[in-house]
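Take a look at the structure set out below.
The values are calculated or read from the model by the stated rules, or taken from the named source; none is laboratory data. What you are looking at is a predicted structure, and each value in this text was computed from that prediction instead of being measured. Here Cβ is always computed from backbone atoms with ideal geometry, including for glycine, and neighbour counts include all displayed protein chains. To get the accessible areas, we keep the full protein, side chains included, count just its heavy atoms, and leave off ligands, DNA and RNA. Shrake-Rupley method; radii C 1.70, N 1.55, O 1.52, S 1.80 Å.
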Amino acid sequence: QVQLVESGGGLVQAGGSLRLSCAASGITVRSYAMGWFRQAPGKEREFVAAIRSSWRGGTTYYADSVKGRFAISRDNAKNTVYLQMNSLKPEDTAVYYCAADPAGGSLMAQAYGHWGQGTQVTVSS
């Protein structure tokens, strides 16, 4: 059974920071591309950040809207992926989802076959 369990969301003031965690079971995160996506009410789910599998170099990618503020990382020993979010803005408010791509290299949401339940991030002004 593949499970992705997000944690770390909550309420934060604009300019503050949060770190989201995605604890995986049933897969090893180093063998997958791992991604973070977000969805605000009434909007489509959008790409936030991704890290390729270790076999494909572990390259990281970011949406333009979060470059310089967010960082994705992977702790293979803990089989966990993180999203460090700094300088948060009200427009970052959304449900954040962790996802795993078995091909290990895609940045397209359609390629991610496993998804977590989501965690709410709310940024106040």
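Of the three principal axes defined by the Cα atoms of segment 15-80, the extents in descending order read 33, 23, 23 Å.
Of 89, 43, which has the most accessible area and how do the rest follow, probe 1.4 Å? Mind dumping the intermediate values first?
Values: 89 80, 43 135 Å².
Ranked list, largest accessible area first: 43, 89.
For segment 1-84, the set of GluC sites (Glu not before Pro) satisfying both a DSSP loop assignment and a count of at most 12 other C-beta atoms within 10 Å is given as 44. A straight Cα-to-Cα reach below 27 Å connects residue 43 with the lysines 67, 89, residues fewer than 8 places away in its own chain not being considered. Calculate, in whole percent, how much of the Cα-Cα pair population of the chain lies beyond 20 Å. Everything past 20 Å amounts to 35 percent. Under 20 Å of direct C-alpha separation, and excluding same-chain neighbours fewer than eight residues apart, residue 78 reaches these aspartates and glutamates: 6, 101. Couplings 3J(HN,Hα) of segment 61-76, computed from phi: 9, 9, 5, 4, 5, 10, 4, x, 10, 10, 9, 9, 8, 9, 10, 5 Hz, in residue order, whole Hz [Karplus 6.51 cos²θ - 1.76 cosθ + 1.60, θ = phi - 60°; x for Gly and Pro].
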